[in-house]
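Please read the structure below before turning to the comments.
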Protein chains: 2
Amino acid sequence: MLFTTKTEYGLKAMTALAQSKDKKPLSLASIAKDYHISQPYLERLFAKLKADGLVESSKGSNGGYVLTRPANKINIFEVIEALEGPLAVFYCMASDGKPACTTSNCLTKKVWHELQKNIMVTLRRFKLSDLI
Amino acid sequence: MLFTTKTEYGLKAMTALAQSKDKKPLSLASIAKDYHISQPYLERLFAKLKADGLVESSKGSNGGYVLTRPANKINIFEVIEALEGPLAVFYCMASDGKPACTTSNCLTKKVWHELQKNIMVTLRRFKLSDLI
DNA sequence: TTAATACCTACTAAATTACTAGGTTATTAA
DNA sequence: TTAATAACCTAGTAATTTAGTAGGTATTAA
């Protein structure tokens, strides 16, 4: 399985924000209820979405989250990367702190690189608005 | 992470078979030693590869595994699917026994379907011989 | 001042991956 | 015929990740 419920829940919630009347902030409590998702779990996902600048929050009564950009300007890849971390088809392809493959001139790596690029391009083509 | 060490180990071992002199069977003991992989774990991977008809086995002294086809006729997708099971970018996309998405006319699903098709096409383009 | 909301920390449960241990069965070479 | 080799099988354990729970604090609007 490529993606987990993190992405599934996150995208569902993001589409909910995209459909909010007059860009009114939506509380996680209401989203959690509407989509039957654990609220604390959703909170952690939104912390990541906010850290990556995809949503803005406001506290207090009538507070909640709103998208920072129109839904047709947010691509699926951004959302996935925010939630799942950097895309890596393999351990050896990880771009974060993990130990990378040390085989010089590694043919296998070239194949994974091409696959990874391909997946990214495909995911970037789709916008949040395509899911509504 | 898309793929696990199952695929990593499996592909490494398959390329070892592809490079065997005169198509001589290679034992899992020797592959496990050469590539520093747990032999019983490798055994289970090869059970899957054999079940999918990608390798043949012979028991006894000088026995081992050989490829059933030339390396340029075996594509990466076949190997991955044998080892990791049916490709599904999401739970809702699983083609096996699991409960599928019931949302009729689900837009999200169309996006995943296109992504999934794309990944398959890319993986089928690469042959085992490309990794040698 | 109160209620609503984001935000934070620590823990538990479930699932999956990776690995270990200890066999049995079939085949070949000596 | 025997011993070595190798596939093949079963039942576990360890490690990691995902998913979810519990119980708070901080901030803001009404």
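The values are calculated or read from the model by the stated rules, or taken from the named source; none is laboratory data. Predicted model, so just to flag it, every value in this text is computed and none were measured. Glycine gets a Cβ as well: all are built from the backbone with ideal geometry, and neighbour counts include every protein chain shown. Each accessible area value is taken on the protein alone, full model and side chains, heavy atoms only, with ligands, DNA and RNA left out. Shrake-Rupley method; radii C 1.70, N 1.55, O 1.52, S 1.80 Å.
Would you list the helices (runs of 4 or more DSSP H) that sit entirely within region B:21-94 and hold 2 or more residues that are within 13 Å of DNA strand D (Cβ to nearest atom) and over 30 Å from B:LYS110 (Cβ atoms)?
Values: elements: B:28-35, B:39-51, B:76-84.
Fully inside region B:21-94 and qualifying: B:28-35, B:39-51.
From the list B:LEU83, B:LEU123, exactly one residue is surrounded by 19 or more Cβ atoms within 10 Å (Cβ to Cβ), within 9 Å of chain A (Cβ to nearest Cβ) and either within 15 Å of A:LEU2 (Cβ to Cβ) or at pLDDT 90 or above (or both). Which is it?
Details: B:LEU83 fails: within 9 Å of chain A (Cβ to nearest Cβ).
On inspection, the qualifying residue turns out to be B:LEU123.
Can you confirm whether B:SER27 is open to solvent by less than 70 Å² (accessible area, probe 1.4 Å), among the polar types (S, T, N, Q) and farther than 27 Å from A:ALA88 by Cβ?
Working: open to solvent by less than 70 Å² (accessible area, probe 1.4 Å): yes; among the polar types (S, T, N, Q): yes; farther than 27 Å from A:ALA88 by Cβ: yes.
Taking the combined requirement at face value, the residue satisfies it.
Output the number of residues of region A:110-120 satisfying the condition of being open to solvent by less than 70 Å² (accessible area, probe 1.4 Å) and more than 10 Å from chain B (Cβ to nearest Cβ). Walk me through how you get there before you give the answer.
The initial filter retains those residues of region A:110-120 that are open to solvent by less than 70 Å² (accessible area, probe 1.4 Å), namely A:111-112, A:115-116, A:118-120.
Next cut, more than 10 Å from chain B (Cβ to nearest Cβ) only: A:120.
Count: 1.
Quick one: A:GLY53 ticks every box in (1) without any contact (Cβ under 8 Å) to a residue 24 or more places away in the chain; (2) open to solvent by 60 Å² or more (accessible area, probe 1.4 Å) except a single one, so which number is it?
Every condition holds for A:GLY53 apart from (2).
Just checking, which of B:LEU11, B:LEU2 is within 14 Å of chain A (Cβ to nearest Cβ), part of a loop (DSSP other than H, G, I, E, B), open to solvent by less than 40 Å² (accessible area, probe 1.4 Å) and hydrophobic (A, V, I, L, M, F, W, C)? Walk me through it before giving the result.
Numbers: B:LEU11 fails: part of a loop (DSSP other than H, G, I, E, B).
Matching residue, one of B:LEU11, B:LEU2: B:LEU2.
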